[in-house]
Structure formats: structure tokens, C-alpha cells
1. So, of the residues in region 13-50 that are farther than 30 Å from SER494 by Cβ and open to solvent by less than 20 Å² (accessible area, probe 1.4 Å), which turns out to be modelled with the lowest pLDDT?
2. Looking at PRO277, PRO323, PRO329, which is the one that is closer than 15 Å to ALA347 by Cα and loosely packed, with under 15 Cβ neighbours inside 10 Å?
3. Do any strands (runs of 3 or more DSSP E) lying entirely in region 192-260 carry at least 2 residues that are more than 16 Å from SER154 (Cα to Cα) and open to solvent by 10 Å² or more (accessible area, probe 1.4 Å), and which ones are they?
4. Look at region 482-502 and say how many of its residues are part of a helix (DSSP H, G or I) and farther than 21 Å from LEU419 by Cβ.
5. Sort out which residues of region 453-474 are part of a loop (DSSP other than H, G, I, E, B) and crowded, with 16+ Cβ neighbours inside 10 Å, and write them in order of number.
6. For region 286-311, give me the residue count where each residue is in contact (Cβ under 8 Å) with a residue 40 or more places away in the chain, of a type in the set (Gly, Ala, Ser) and not in a strand (DSSP E or B).
7. Does any residue of region 584-597 turn out to be surrounded by fewer than 18 Cβ atoms within 10 Å (Cβ to Cβ), of a type in the set (A, V, I, L, M) and modelled with pLDDT of 95 or more?
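The values are calculated or read from the model by the stated rules, or taken from the named source; none is laboratory data. From a predicted model like this one, the values you see are computed outputs, not experimental measurements. Heads up, the Cβs are rebuilt from the backbone with ideal geometry, glycines too, and the neighbour counts pull from every protein chain shown. Please note that ligands, DNA and RNA were not included when accessible areas were found on the heavy atoms of the full protein model with its side chains. Shrake-Rupley method; radii C 1.70, N 1.55, O 1.52, S 1.80 Å.
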Amino acid sequence: MRCSTVEPWLSLVSDHSSASPMANSKPKPGSEPKSHSRNVLELLAGLNPSIPPIPPVRSLAITTISDSQTLVFIGTVSGDVISLSLNPNTGLSFHLRLNIIGKPVSSILVVSHIGKLIVLSDGFIYLLDLNSLEPVRKLSLLKNVNVVSKRFLSRNYSINPISNGVKGKEDGCFFAVAMGKKLMLVELVLSGSPVILKEVQGDFTDGIMCISWVDDSVIVGTRSGYYLYSYASGLSGVIFSLPDSSVPPRMKFLAKECKVMLMVDNVGVIVDSEGQPVGGSLVFGEASETMGEIGAYIVVVRNGKLELYHKKSGNCVQQVSFPVEVGSPCVVADEEDGRGKLVAVAAGSKIMCYRKVPCEEQIKDLLRKKNFREAISLVEELQNEGEMTREMLSFVHAQVGFLLLFDLHFEEAVDHFLLSEIMDPSELFPFITRDPNRWSLLVPRNRYWGLHPPPSLLEKVVDDGLTGIQRAIFLKKAGVETAVDDEFLLNPPSRAGLLESAIKNMTRFLEASRHKDLTPSVREGVDTLLMYLYRALNRVDDMERLATSENSCIVEELESLLSESGHLRTLAFLYASKGMSSKSLSIWRVLARNYSSNYLKDLHGANHLQDTTKDNSSDQQTAVAEASRILEASSDQELVLQHLGWIADINQVLAVQLLISEKRTDPLSPDEVIAAIDPRKVEILLRYLQWLIEDQDCDDTRFHTTYALLLSKSALDANEKEHAIPNSEGVNQKEMSMSDRGNNSIFDTHVRERLQHFLQSSDLYDPDEVLDLIEGSELWLEKAILYRKLGQETLVLQILALKLEDCEAAEQYCAEIGRPDAYMQLLEMYLEPINGKEPMFKAAVRLLHNHGEMLDPLQVLERLSPDMPLQLASETILRMLRARLHHHRQGQIVHSLSRALDIDASLARFEERSRHILINDDSFCDSCHARLGTKLFAMYPDDTIVCYKCFRRQGESISVSGRDFKKDMLYKPGWLVTR
């Protein structure tokens, strides 16, 4: 099945050069709002209408008992403590109600781990049961209390025994109370009785207005500033002072981070348990009445308006307004266990519970508003806080990518696709190729959150996007705002420019996907469709690079497309990469012939350009090189010989290389190769035979003889050309030099040098056949080599001495013969040359001078010509006679020395034989140690004595001591030999 989807892209992209200037501009997602607002909180429930009216609320607390039960405790100005049950379906329903003393309830603290409520009313502290609100127990020990705060422990808190820290929460309930200027730390034991742990008389002259107890540190707020008291060390100090004009101090314990936010007017400073600032300050719109915490956000309430600020960025992400009774303060309560899911707000007699919108819904809301950057930031933030997985971040990146793609922001879309680790390349296949296709079943049927249309061809995506832009332009003229990018509205892009951008960025994604670990089917789709996109953009270099590299392209999907579009080189590379060598070679053959025909047309054309012909020649050589590269590794002999001819017509060097390649596993048959080589391509045959003989050590006499004959013919031709050069008078020198370069394209040495070397080194050719070929030529040195092979010494000397006049070679040949008559024969040739040639007296003198000792002086004198000048030969003959006399006397000396040595040896032998030895009854064999008595015995030159039996076993040359007298001779002094 062939994908034809990309066909219209070619014409569309080609028209891009005439498109409007906007076609080249990079679209930016300008529709993203700059506001950080989003819906983090949503109203969960209000008071059930069936609940009787309640007095104005003074204090508020909330706790989650289980996943299905949440209780909200209300303290009223009339002294009531009301317990409400929170149900998302029915709202806040009445649970319990209790009136303590009829005085306003200033504060309610939930101590869930002991099941108690700590209630502050009229300066006294009461204990109530968390579930039943009864019995009510008054802690009479504590009076005139104006502030109370329970102790919070951080996750990494540990008691330091050296510093006497307070024991952990599992051992009891701890809280801090302020009574005017006095601070007291109290433990509530299991019996319910308070025990005062510490009474602090600090510098709290202005009166304590707020308290937070974290680990072993108590942070105190007064009108003059904030102080920190350490229970472990017993020391207190100022954190920072407040200006005189500031509002009363307020603080909020942040359960999620176990830190405390200290307020200075409308600025919140977050400090740790040591009182050290952590992170930046939070700046609110105005000073708040009360504050709460929900997850990563701070809830600020004032004048009937709830604002939500992000702790890290400080941005106000949401504002909620609610009705408020005039003169009634607002109260906020959150889950102090750090869950961060619920927050309750009370204003007068009205109570509302808000819950945190699920993270996915927040992200969806941002995406619907096209606030993509904020959506990604939110997901990253949630991931860092452990509330969202890395897979979810990848999911959102992919979702944002699809939304940007349908908004025609293709570059940004692909950027997000690349950031997604779960994005499968097959998800983009429907944008490139029409369904149904080979990969239709691979595409995941995943619509994500349904925020974007289903996948469709890029051409349709662009057309629909342009239609939407035109509609938005019309609506904007009518005064209606749309979500389309303002840049698109002011300068609408062209269809060709958008389509080109889409294809380029799809190509970028598929290129990156090739480096991922994909299934074979998906990898096939990626590579095949990437080739389609390259072709649509006419990126020929990228097409060929993909085809030549390791790829998973489906050839059946591409061959007709590439063939029809004229990308035959790419198709040839693709065939080769898939092992379809025959098809690839056929294409290279066609391309080489086309290049050749174009080259001939350019040569015969009237106005051909040199650059064009060079390009054609280069392309032709490239085609031949690629075909040769395939054939070098191929062991298919029929295929190799089938394409040998046209490759040899263009480049003989590559033709030889593919024949002698060592890359193939099975060698070619020499007989078949020689038969297939064009007889006119002599140099190819010569180079192949040279490879067989020299590199492959072939000992077939047929090949040696054929090689010698071919070399001889080439040498004859070269010799004729050399003799023709002087007659040309420079007219055809350029053509001759070009011819020489052609001849030297395979061999680096002259043909005669190769012929001479081969004739000397090989003994397997037939010298008679070669002689028959060159008999009438001027190849005298070659003839000499052949005659030498045949043993024709006289002819060899005649050629060397008379034809070539190479005296040194002639004398060397005589030395090789090694007989004196050879030198005499050479002397005769010098003195009496044939064919009327003048005597070579200088050569004769040279011979007498160098090798006179090998000649008989009488014979030399007899052979000397009467015409030879006396001054040339006199000195040489005199030297020769003296050398002869010296040689004779040396012989006499050597003869006398040899005679003396012989006499000395005879005398020593005689002395050895005339030696006597005494054998008695105590004498024994040095080998077997047997007594000799009357036995036969033998004595060695080193005076060892053995019996005859041991002598037979030992032998004559090896004594009992192991000395071999044939290898290690024993010398005894004589009258001549002294060692």
C-alpha cells in the first residue's frame, strides 16, 4: 500500500517562495493570558437550610476523622460550641451543640490524638470531648488566658537529652498559654489535669497577642515585635521589631512545611522553628483579618473577599467573594494536620466550606484557557511536591503539544512532544499519512482529556486553522473577543508557510524519535514517514543520508514514490541498505549512462559550460563508486561480472578494485573473470593477473604465461610510442600526456619495469612463447633475461656487452657463471665484436682490471689485438702478471703450510699410537667399573679406559666423560700446533 498523503505538499511548499512575508514568520502562542488566576478552590458546602439559625461565629476549627467524616466546630459570641458534620451532598448538617458559660468562645483547638477540644472562653480553658462535647472540664489552674496554642512537631524533630527538650506528642498533650505579659508552657496529662512545665517571664511588656509552639521553640507576637523562646536552652530573644504604625501582630502556623508566617501589615515573613527567615516574603493586597493554609497556598480573608496566594511565587491565583454581615469579623479554619484539602470560612452567621480542586481539573482549566505555560508550571510544582508523577508531566506535555498543533503553533507543539517521555511517535502518524494504512493499528486510541480534535492530516489541520483565523478576524471586527493569537489576526499567515512549518517540525520530531527505543513496527513507520517528509521538503541530502544509514524504511512504500519523483539515487541507496543489490546496481547503471549521455551532449553542444560537464563527470564517478562498493562485498559472481563491463568503461581503477576485493567471503573464479574482461581493457586484465600471481601466490603456468605475454605486448606498444614522440615535434604532446596519465591510472611503474621484474622473478611462464613475441623488437634487456632462463650464455653476454654495452651487468653475469672461460669469452667479444662494430678497448681494459686474476696471461696476450694501443693495456697487463706471480707464491706458501700440518698430524698420531699403558689386577673399566684382568680394553684420547663391551656401547668418538671428539676436538701441543 502506498501513502499518497504527502503528494499535495510538494506543490504547496514549492509555492512558498511567492508567499506573503508572514509565511516565514515564527508563530508564537500569544493567546496565553498573563494572569496567574485559576480555580484552585471550589465551594463544597454551606449550612444546610434545615439547621436553626446560629449566633455570629467567633472561632472556627475543622478536623477530618476519616475519609467519610469531617467535623466543623464553631464557637459563637453567645458561648455555644457547635459541631457540624460535613457532607458534600447535603452540606453542613447539625451534629451537636453545647453552651459553656454564655461568654464568647475566643478559640477552639482540636487535639485529635487524645480526642479532645481545647476551648478558650472568658479567660478560661475548657476541655471537651471531640465526639460528644461532654463532659466539660474547666482547667481552673489557668486564669485570665487571652491566647492559647497547641504544640506542633516537625517530621524530623528529635529530643536532645542534653538540652532537656520536651517529650514527644505520643506521651501527652502540650500547649502554650499567654496571660497578659506572662507565657506558660503546659502539659495535659492523661488524667486531664494540667501541669505547668515552664513559666516564662520574658520581655513581653506590651502583652502577648499571638503564639505558635513548634518543636522546642515558642514564637510570641506582641505590639512591639516578634520574640522566640527556646524551651531547650531557656533563652529568649527578638526575631524582629514592628514599626509603631503597624497593625497588631498576627501569625499563622503552616502545617505543610511546619513553619510559621509572621505578618507585618500586609507582608508575610515565613520563619522556621529557629526564627530564621525561609524563602521570600509574601505581599498581600491588604492587611488580612485572618489567614489559613491549604496545600501550597495561603488563604487570606478580609471584607468578604477570599484571596489565594501561592507560597513560593507569591502570585494571587484566585479570588472569591462571599456575602458578609456588616460589623461581623471573618474567621478561617484549615486542617492543621497538613492534608491541605479543606478550608472553612465564617462571616457572621454564614459558614462555607471550600475544597481544593483536583489537580487534573486545575490543569484542564488552564489548558482550556490556553494558559499552557502556567499548566506546565503547575504540573512541575506538583511533581516536586510529590503530588503528581513524572508520567503525568509527560502526559500534560503531550496534551499541550496537541493543543498547540491545532492552534498552528507547530514548533512549540513539537517542543512539548519532545519533552514528553510517554509520547509515542505513532500518535503523529495520522497527521502525515491517510488512514487506513500499514500503521493504523499502531496508533493509540487516546484522546487525552478530549480538549483537542481527533488527529487529521496536516493539510486539513492547516485549512481548519486558517478558517478559524478568518472567522476570528470577522468576529473581532464585530467586537467579539476570540482565543485566536493576536499575531495571526494582525498578520494572517500563508497556507504554504504554515504547511512548510508543520512538515519541518514533524520532521524534527521523527528525527529525534529515531534515537528512542521503539518497537520494530513503530520504527518502520518513523523511518518511512520521515523519508516522505524529506521528499516533501526536497531535502535530498537528508534523504540520501537516511537511506545510507541503518534504517527501517519499508521499500514497498517508497520505491514507486521515489522513482516517480526522480530521486533515483536515494532509491538506489535504499535498495543497497536492504540488501537488494541487483536493483540498486541497475539504478546506478542507468544513472551512470544518463550522466554519460548528458556529458556527450554538453561536449557537442555549441554553448556547453565547463562547470556542467564537471558536475556530470563527478556524478558519473559517484554512480560508479557506489556500484563498485556494493560489488566489492558481493560474492554473487554472476552479478559482479554482469556489471563489470560498464564500470570498466568509466573507471578502470574501480573495476580492478571490485575484482580483487578482499571484502567478499567467496572468491571469484579466475577463469570466469578473465573470460569476462573485455580484451580491449588490457590494463584491467594485467592488474588482475598481477594480483593473482603476486598477492594470491597463484602457480598456474597459464596465468604466468598470459601475464608475461600481455606485459610484452604492452611494452612493445609503449616502446613504439616512445619512438614516435621525437617525430611528433610537439604537436600532440598534450594528447600524449593525457594518454600517459590514462595508462598510469592503475599502475604506478612503467610497463617495461614490470615486465623485466616479472621475467626475472617468475619461473612458471614459457620463455619460448615470450621470445617469439619480442624476437624482432628492441627489448634487448628482456631478451637477455629470457635467454638466461634458457641457458643461452653466449647470447646473454652478446646482448649485455654489445647491444646494451652494460659492462657491469656483463661482468656480473660472468661472476654468476663462475667459470674463467666466461671472462675470456667476454674479453673476446670486447676485442673482436661482430657485425663490424669497433673493438671495445676500454671495456676490455676494465675487464682485465677488475677480473684479471680469473684470466690466463698467456691466453690474454694471445687474444690481444695488434691494433690495441700499448698505453691502454701495458699497465693492466703488468698488474695482471704481478698478481699472477703473487698468486703463485701465495699458493706455494699455502702448500708448504698444509704439508707442515700434515706432518705434524702424522707425528701426533704416531705418538698416540706408540703410547704404553700398564694394566694390572686392580685396573677396572671407567664405565662399568668391572676389573679388566685379561679382557680387551680401549683407551680414549682423554686417557679414559673402558672394557671392550663398553667401548662397543659408547662408540669410538664419545668417551665415558661424555665428550664428543668429533664436535669438541682435543688438541695436544706439537712442534707446529701449540694449542
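1. Here the answer is ARG38.
2. Checking each option against the conditions leaves just PRO323.
3. 194-200, 208-214, 225-230, 236-241, 250-254
4. Here the count works out to 11.
5. PRO455, LEU457
6. Within region 286-311, residues that are in contact (Cβ under 8 Å) with a residue 40 or more places away in the chain, of a type in the set (Gly, Ala, Ser) and not in a strand (DSSP E or B) number 4.
7. Checked against the condition, which is being surrounded by fewer than 18 Cβ atoms within 10 Å (Cβ to Cβ), of a type in the set (A, V, I, L, M) and modelled with pLDDT of 95 or more, region 584-597 yields no hits at all.
One line per residue, one yes/no per condition, for (1) within 30 Å of ASN144 (Cα to Cα); (2) surrounded by fewer than 20 Cβ atoms within 10 Å (Cβ to Cβ):
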{"site": "PRO53", "(1), (2)": "no, yes"}
{"site": "SER59", "(1), (2)": "yes, no"}
{"site": "ILE62", "(1), (2)": "yes, no"}
{"site": "SER68", "(1), (2)": "no, yes"}
{"site": "VAL77", "(1), (2)": "yes, yes"}
{"site": "PRO104", "(1), (2)": "yes, yes"}
{"site": "SER107", "(1), (2)": "yes, yes"}
